Structure formats: structure tokens, C-alpha cells
Amino acid sequence: MHAWHSLKLDELMTLLGSSPKGLTSSEAQRRLQSYGYNEIEVKGQPLWRKILDPFRSLFVVILLVAAAISFVSHEPLDGTVITAIIAVNTFIYYSQQHATNRVLKSLKRHNQQYVQVLRDGQAVNLASHILVPGDVILLSEGQRIPADARILHEDNLYIDEAALTGESLPVKKVVSTEAIHRQLYERRNMVFSGTYVTAGSSSALIVATGGHTEFGVIARQAVRVQPKSPMQQKIDFIVGRLIKVLAAVAIVVFVLSLIRDIPTAEALRFVMAMAVAAVPEDLPIALTVVAVLGMRRMAKKNALVRSMSTIEDLGLTTVIAVDKTGTLTKNMLKVVGHWAPDKQADLKVAARRTLGSTENVMEPFDQALQAFSAQIPAGGQLLKTYPFNQALRMSGALWQEEQGKFLYVKGAPEHLLNLCQLPDHLKGQAESQLYSLVSEGFRVIALARASLALEPKDLSKVGAATYEFLGFLAFADELRPESAQAIAAAKNAGISVKMITGDHYETAFHIGKTLGICASRDEVISGRDLPASEEEIVPLLKSKSVFARILPGQKLTILRALKRNEITAMTGDGVNDVPALTGAHVGIAMGSGNDIAKDAGDMVLLDNSFASIVKAISEGRAIYDNIRRILFYLLSTTLGEVITMIGALILGLPLPVTAIMILWINLVTDTALVIPLGLEPPEEDHMRQPPRQPRAPILDKVILTRTVLVGLAMAIPTLLTFGALINTGYSLEYAQTVAFAMLVAGQWMNAFNARSERLSAVVRLKVPNLKLYFGLAIAMTLQAVVLFGPLRQVFGIVDVAASHLFAGMATIAILVLLASELHKLQKQQKAQPTADQSLIPA
């Protein structure tokens with residue numbers, strides 16, 4: 001790598017064949033062909049690891065052992081079928097991984113970064129991945145640095161380099177030439193890919209892109225390991241328990257088999273058949289499909305979610321802390337009124353002066369001021385622009401006019417009123433006007449100016465006594481029409497909404513009341529009245545829903561207080577929101593926000609609308625419920641198969657179904673039904689239920705009890721029918737054919753049981769799930785091929801009387817339905833007296 005920081009700027013320009021005006025479009029295109037896209041390709045898994053991935057599953061290991069035992073036991077047909085099923089399972093895994101990667105790439109394109117670049121001497125917005133060495137980029141506050149670059153010009157530029165160097169404080173950058181031995185963290189004339197602008201602005205010359213950046217070199221040496229989500233950990237816990245129980249039962253069953261003088265090879269086959277029956281082989285595939293399709297549906301609803309963990313937290317959210325601007329409103333400000341102590345004063349001139357340069361105006365207030373003062377010529381000479389100072393709550397610009405140097409500032413009206421020296425009667429008039437404007441819901445800023453002899457380094461160096469108060473400007477920001485309805489929906493779902501804003505107390509109260517966030521002033525608190533400690537804020541959260549005049553530090557304190565007892569989603573769009581976004585359970589960044597905020601968020605709202613947050617929570621709840629449906633269906637049918645196998649051993653009966661039959665049930669019948677169950681439409685009242693407890697197990701006692709009841713309803717009639725057929729002289733193959741058909745029919749019916757935890761399967765039919773009907777049609781067609789078609793010999797199927805076949809299938813279907821329906825009815829009756837208490841009114 002070149003020592004870019006040690007070269008003089010003219011040497012650097014010559015080396016890179018560039019100039020302060022940037023590259024031409026044709027030269028940039030040529031360099032793109034040479035250097036490639038500005039993308040970091042993180043070192044992924046080697047090919048051999050990807051190929052072996054599906055075989056690292058415990059489920060597949062059990063199948064491989066079963067196949068090996070079949071071949072050793074001189075049952076090549078069984079071994080071949082099991083091997084074929086493993087191949088099908090592997091194909092599904094590979095195809096699903098390909099689909100997952102395709103969807104994730106598609107979602108990534110939604111979040112493409114755009115950067116201002118000088119091309120052909122003009123500033124244009126370009127996607128960051130087509131930047132090349134030699135490009136000159138323009139950087140502003142909140143932006144992610146897209147490539148390594150040398151600073152050409154800076155205005156109070158500070159960079160957050162924590163991601164690269166570990167330095168927790170922002171680093172001041174300057175235009176300079178550094179010694180060649182300077183370490184990375186000492187190169188004050190460079191900005192690096194992956195870091196962020198926390199303050200100021202700059203132009204910079206790109207020296208390295210993609211994998212050649214400092215960040216790229218590090219990234220290529222590492223493979224990012226995605227931690228398991230809480231839900232996946234809960235599922236792993238269930239599967240782990242299942243395997244431990246299975247191992248213990250397998251040992252007992254094997255010993256009992258030997259005691260009954262069953263040959264060792266046959267005993268092993270019996271145990272493996274039971275193991276195959278007990279392990280839900282298609283669970284990983286189903287969960288992957290549900291997660292990926294859920295993320296894609298959220299993206300279509302303008303919510304870009306980064307991980308499965310975020311989806312889970314959304315489904316459990318109990319509080320949404322939201323800033324008003326852009327989320328509850330359209331963030332399209334315009335000046336709708338003004339007031340000045342001097343009736344002859346033209347505030348348009350002062351408004352124009354506070355902006356400084358009118359190029360690349362991005363901030364909504366500044367855009368509104370630019371439109372308000374569009375007809376006013378600049379006049380004078382702009383000497384310096386001062387970015388917004390959070391402590392002083394104002395920004396401004398210094399101008400050279402005929403009468404001298406004048407600093408024009410705009411900011412929080414109460415703060416500027418206190419800075420300016422006004423007679424008591426004028427100050428009283430101003431305060432009265434301010435109260436009148438904000439009580440109508442307007443956002444208000446104040447304008448002031450100061451005559452200066454010298455150019456101050458920053459606004460904090462200007463003495464308060466020198467400011468002259470000029471007047472107020474009132475802004476209107478239209479509320480989004482869907483906001484009130486979305487807030488009501490959130491409250492109906494048991495989710496409280498807290499509005500945290502920097503707006504004036506009266507403005508915040510007016511908006512909060514209009515949207516239904518608060519009903520009275522008792523629910524509003526101003527930042528100056530907010531306690532400093534989390535401990536003191538916690539009790540206030542029960543009675544306060546609107547927080548006005550809140551500073552970024554206070555916002556973070558409120559978040560920490562909320563997180564003590566709540567699962568919290570918090571919105572943000574700027575540099576100052578990053579601590580809150582990263583600290584929340586779900587950080588929600590605005591699509592129009594700064595890059596640093598979007599990178600810090602767990603979810604990005606592409607349309608900035610609060611309604612999209614509620615839709616995402618609804619989707620999160622639906623996905624959580626569908627995963628519970630999948631687990632109930634798989635575990636109850638698995639339990640039915642295991643009880644059938646163990647029951648046969650206890651009763652001294654032969655195997656009711658063969659290993660191949662069980663594999664068919666688990667990998668064909670189950671797969672055809674379980675994935676559609678994971679795509680089940682949400683229940684009508686799922687957003688009128690209180691949030692689930694985050695520490696609660698994924699399957700509660702109610703579902704586990706129903707799982708056992710359904711398992712027994714499948715096993716008992718199958719065993720009784722199988723035993724009756726054996727004892728009345730029918731062949732083993734005959735009885736196994738009937739038992740096989742019965743277990744399959746029981747699982748068909750159980751899919752309809754699983755569609756709702758509370759509603760009857762018959763009532764749930766009113767909500768169609770075409771995917772489930774299609775899956776059932778596939779399962780029934782394939783089952784008919786096995787029972788009546790060319791696959792009969794492979795599965796050991798023989799001709800049976802229609803009365804035995806269809807009577808057995810109808811009996812088990814009815815009993816499985818009744819077991820679930822009666823349990824649902826009992827729980828409904830038990831919950832009836834408190835049903836209304838579970839709903840939180842809007």
C-alpha cells in the first residue's frame with residue numbers, strides 16, 4: 001500500500017491522475033473496469049465446508065446411520081431409499097440456501113448508499129459501489145465514509161473511527177501532510193472506509209476502494225459469525241431435550257428388544273426406526289423458509305430487517321419510543337407564519353443569512369428556510385458557516401456586510417430569547433407570541449444576529465450580550481394521515497407509544513393529543529423537568545407518554561429506563577440518535593436518515609412511516625405464531641409415531657410401520673404441510689393480544705399438553721387397529737399398510753389443528769390458506785402413488801380391504817380432531833371470565 005498520508009497533495013493528484021474537480025465520466029468508467037466495484041468481499045466458507053454443511057445436521061447423521069445399518073443387515077432396498085431421501089433433503093437445503101442468498105442480496109440493494117461525487121466538474125449523486133480511486137467526494141454530517149480518502153478541504157470535521165481503530169471519541173481531521181511513520185490512528189489527514197462523519201463537512205480524494213481499503217484488509221481476514229437468535233436458542237433447547245430423551249429411550253428399547261430374544265440386527269433396525277420417527281428432519285428447512293420469506297414480506301411493507309433476531313424482538317415489543325418528525329409527520333416543513341418586534345423587519349433576509357451557503361441543503365428546516373427566502377439575493381460575503389451546536393441549540397453563518405461583520409443565528413426560541421437582551425415588555429410580547437404559535441401545533445425557531453469585530457472559531461465564543469433578537473418563524477409539518485390509526489392499533493396490541501421530541505412543550509402536547517398518544521397535559525413532561533437518573537425516570541414512565549424538549553443524552557437515559565421493564569423499539573435518524581438505536585432492543589432507523597443511523601439500526605424504515613413499524617410488529621408476531629404452529633405440528637406427530645413404536649414393543653407386537661414408511665411420513669407428508677403452516681395468515685385478533693413474555697418458553701404448558709393429547713390420539717387407534725389385524729390372522733404387511741395409512745391421515749388432520757392455537761379447526765377454515773391446500777393435495781397424490789401405484793413394492797404395501805383402509809383413516813382423523821378441539825374448548829371456557837382483561841383498549 002502507498003503511504004497516502006505522507007504525500008503532498010499535488011504529488012497525490014499526479015500519482016492518481018486526478019484534480020480537485022474530480023474525474024471525467026469516461027475515465028471513471030475505465031478505472032471501474034480496472035479496479036472493480038467498491039465492495040468488500042468478506043472471506044466466506046470454503047467450498048468443501050458449504051458442500052458438507054447439510055450433512056453436519058444431527059438429523060441427517062441419524063439417517064446416515066440408519067442407511068448404514070440397513071446395508072449391513074442385507075436390506076439394500078431400505079438403505080437405497082434412505083440414501084435417496086438424504087439426497088432429496090440435501091437438494092432442498094442447497095436450493096434454499098441459494099434462495100436465501102438471493103433474497104438477502106435483494107434486500108441489501110434496498111439499502112444502497114449514495115454519495116456526492118465530482119464528475120466532469122459537477123457534483124452528482126452516485127451509488128458508492130461504483131466509486132474509484134481518483135474520485136473527489138463531498139462528505140457531510142452523519143455520512144458513512146465509502147472509501148479511504150485524503151482530505152482536500154474540511155470545515156470543523158470530526159470522524160468516528162471506533163469501528164476501525166477502537167478510538168471511542170471522535171477524531172478531529174485536518175488538511176496536512178503527515179510523517180510516513182504515522183500509525184493508522186494518527187493519520188489526521190485521512191478518512192477511512194466504514195467510519196462516520198460526526199460533525200462538519202469535507203471534500204476528499206479517494207485513494208483506495210473495496211478490498212484495498214484499511215477496513216477491507218481486516219475484513220478479508222475474518223469470517224463474521226452470526227450469533228443464534230433467542231428463538232433459535234429456544235428451539236435448540238427443545239431439540240436438545242428431545243435428543244437426550246430419545247437416547248435414553250433408545251437404550252431401554254434396545255435392551256428390552258434383546259430380552260425378548262429379538263435378533264441384534266433387527267433390534268438395531270427397530271431402534272433406528274424409532275429414532276428416525278422421533279427426529280423432525282424438516283424443521284431446519286421450514287424455519288429457514290419462514291424466516292427468509294418473512295424478511296421479504298417486511299421489505300415489501302417498507303421495513304428492511306437485518307436478522308431473524310430482530311423479527312423475534314419485534315414480535316415481543318411492548319413499547320415504541322418515537323420521534324415525531326418524519327415518522328408521525330411527513331417531514332415536509334414550510335414556513336406558515338412569522339412575528340418580529342419590529343413590524344418593518346423582513347425576516348426573509350435574516351432567514352437567508354442564517355443558511356450560509358444554499359448548496360446541498362439537506363436538513364428539513366433549512367430546506368423550508370431556503371424556500372421561504374428564495375427571492376432574496378445573498379448579498380454581502382459569506383465568511384464562515386457554523387454547524388448546529390447541540391449545547392447552544394443553534395446554528396448560523398458569519399457575513400461581511402457594508403456596516404461590518406454580522407453573525408446570523410437560528411435556534412430554539414426559548415434559548416435565543418434568554419441570550420438576547422430584550423426590554424421586559426418586548427420579552428413578554430415575544431413569550432406570549434411563542435406560546436400562541438406552539439399551542440396551535442406549529443414548530444417555531446427564533447432568529448437573532450450579532451455585530452462582531454472578529455471571526456469567532458465557533459458559536460460558543462460569542463458573548464450572549466451581543467445578540468439582537470429578530471423574531472420567530474413558525475413551521476407546519478403535516479401529520480401523516482395513517483399515524484393516528486397506527487398508534488391506536490399499537491395500543492390495541494398492548495404496546496404503549498412514547499413520543500420523544502425536541503419540540504416545544506405545547507407543540508408536543510398538541511401533536512400527542514391529536515394522534516391519541518396522550519389525553520391531557522399530565523402525560524407530558526419537558527426535558528428541563530426530567531430527572532437526571534434512570535431510577536427516578538422509571539416511575540414516571542407509567543404516567544408520561546410525551547417527552548418534550550429532549551436532548552440526545554436524555555433520550556438515551558429514557559431508553560435505559562424503559563429497557564428495565566420493557567422490550568423497546570426506538571426510532572432515530574441522526575448521529576445523535578446512534579447510542580439510543582444501538583441500545584434499544586430494536587433500533588429503527590429512518591430511510592431518509594444519516595448513514596450512521598441506518599447502520600446502527602436493526603431495521604430501516606424505507607418510507608419513514610410509523611404505520612410501517614406497526615406492520616412490522618404485526619409481521620413479527622405472525623412469524624412467531626407460525627413457528628409455534630410448526631413446532632406443535634412436528635412434535636405432536638413425532639410423538640404419535642414414537643408412542644406407536646414403543647407401544648408395539650411393550651405389547652409384544654412387531655413394527656407397525658417400517659423405517660422407510662416413517663421416513664416417507666417425516667420427509668414427504670410433513671414437508672408438504674409444515675412449510676405452508678409456516679406461511680399461515682395471522683389470526684384476526686393477533687394484534688389485539690398483549691405481547692408475549694420474552695423469557696417465556698416458545699411452547700407453553702397449554703401447547704405441550706395438546707401435543708401429548710394429539711400424540712396419544714394418533715398412537716392408540718393405530719396400535720389397536722394394528723394389533724387387531726395381527727391377532728385376527730392378517731399378514732404383517734397387511735396390518736402395516738393400514739397402520740401406515742392411518743398415521744398419514746392423522747397427520748393430514750393435525751395440520752388443520754395446528755392452524756390456530758385457540759380457534760376451532762372448522763372455524764379457521766373461514767380464513768383460507770391456499771398454500772396448505774396445495775401442500776395437502778401434493779401429499780395426498782404422493783400417498784396414493786405409494787398405496788396404489790408403482791412404489792408399492794418399495795414400501796412393502798399390499799392390497800387391503802377398502803373398509804379397513806378408509807375406516808382406519810377416518811377413525812384416526814376424527815380422534816385427532818376431537819383431541820385438539822376438546823382441549824381448545826376447555827381452555828376457552830377456562831379463559832372466558834378474563835378474556836376481556838387481556839385486551840388493552842385503544
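The values are calculated or read from the model by the stated rules, or taken from the named source; none is laboratory data. None of the values given here were measured: they were computed from a predicted structure. Glycine also receives a Cβ, built like all others from the backbone with ideal geometry; neighbour counts cover every protein chain displayed. The area values use the complete protein model at the heavy-atom level, side chains included, leaving out ligands, DNA and RNA. Shrake-Rupley method; radii C 1.70, N 1.55, O 1.52, S 1.80 Å.
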Bridge type composition, the chain - antiparallel percent by DSSP, nearest 5: 75 percent
Net charge dipole size for the chain [Lys, Arg +1 and Asp, Glu -1 on Cβ; Debye, nearest 20]: 600 debye
Dipole magnitude (debye, nearest 20) for the range 445-561, charges at Cβ of Lys, Arg, Asp, Glu: 160 debye
Pairwise centroid distance, computed over Cα atoms, of the range 536-550 with the range 770-795, Å: 60 Å
Accessible area (Å², 1.4 Å probe, nearest 10) - Leu126: 40 Å²
Part-to-part distance (alpha-carbon centres) for the range 115-153 and the range 454-532, which is given in Å: 35 Å
Most to least accessible of Ser756, Ser357 (protein chains only, probe 1.4 Å): Ser357, Ser756
3J(HN,Hα) from dihedral phi, the range 512-528, Karplus parametrisation 6.51/-1.76/1.60, rounded to Hz, x for glycine, proline: x, 5, 4, 8, x, 6, 9, 10, 8, 5, 4, 8, 10, 9, 8, x, 5
Pairs from Lys324/Lys563; Lys513/Lys701; Lys563/Lys827; Lys234/Lys301; Lys334/Lys615; Lys457/Lys555 whose Cα-Cα separation, in the structure shown, is over 31 Å: Lys513/Lys701; Lys563/Lys827
Cα-based shape type of the range 343-403, given that a ≥ b ≥ c are square roots of the gyration tensor eigenvalues and the cut on a/c is 1.5: rounded
Full-stretch length increase - Tyr435, Val538 - with 0.36 nm per residue and alpha-carbon distance subtracted: 34.1 nm
Exposure of Glu757 as accessible area (Å², to 10), given a probe of 1.4 Å and all protein chains: 50 Å²
Over the chain, equivalent-ellipsoid semi-axes from the Cα gyration tensor in Å: 65, 34, 19
Positive-end extreme of charge dipole, the chain - chosen from Thr728, Asn626, Val255 (charges on Cβ): Thr728
Whole-percent carbon and sulfur share, accessible surface of the chain, 1.4 Å: 58 percent
Note, ³J(HN,Hα) from phi for the range 642-658, Karplus 6.51, -1.76, 1.60, rounded to Hz, x at Gly and Pro: 5, 4, 4, 5, 5, x, 4, 5, 5, 7, x, 9, x, 4, x, 9, 7
Calculated FRET value between Arg30 and Glu363, using beta carbons and R₀ = 35 Å, to 0.05: 0.45
Top positive-direction residue, dipole computed over the range 483-630 with Cβ charges, set Gly572, Ser545, Ala597: Ser545
FRET E, pair Ala127, Asp261, Förster distance 51 Å, beta-carbon r, rounded to 0.05: 0.10
Interchain or long-range residues, amide H under 5 Å from Ser526's placed H: Ala548
Kirkwood Rh (inverse of mean 1/r, distinct Cα pairs), the range 492-615, angstrom: 14.7 Å
Ellipsoid equivalent to the range 516-589 - semi-axes via the Cα gyration tensor, in Å: 19, 13, 13
Selection from His153, Ile675, Ile137, by position along the positive dipole direction of the chain (Cβ): Ile675
Relative contact order for the chain, counting Cα pairs under 8 Å that sit 6 or more residues apart, in percent: 12 percent
Given charges at beta-carbon only (K, R positive; D, E negative), |dipole| of the range 285-343 in Debye: 340 debye
Ranking by accessible area, most exposed first, for His686, His415, His425 with a 1.4 Å probe: His425, His415, His686
For Leu131, residues with placed amide H under 5 Å, excluding near neighbours: Asn38
Per residue accessible area of the chain, 1.4 Å probe, in Å²: 45 Å²
Expected 222 nm ellipticity per residue - DSSP helices of 4 or more, -39500 (n - 2.57), all of the chain, to 500: -16000 deg cm²/dmol
Amide H contacts under 5 Å for Asp323, placed H, 5+ residues apart: Ile500, Thr571
Spatially proximal aspartates and glutamates relative to Lys21 (Cα-Cα < 19 Å; intrachain offsets below 8 disregarded): Asp10, Glu11, Asp120, Asp135, Asp148, Glu154, Asp155, Glu359
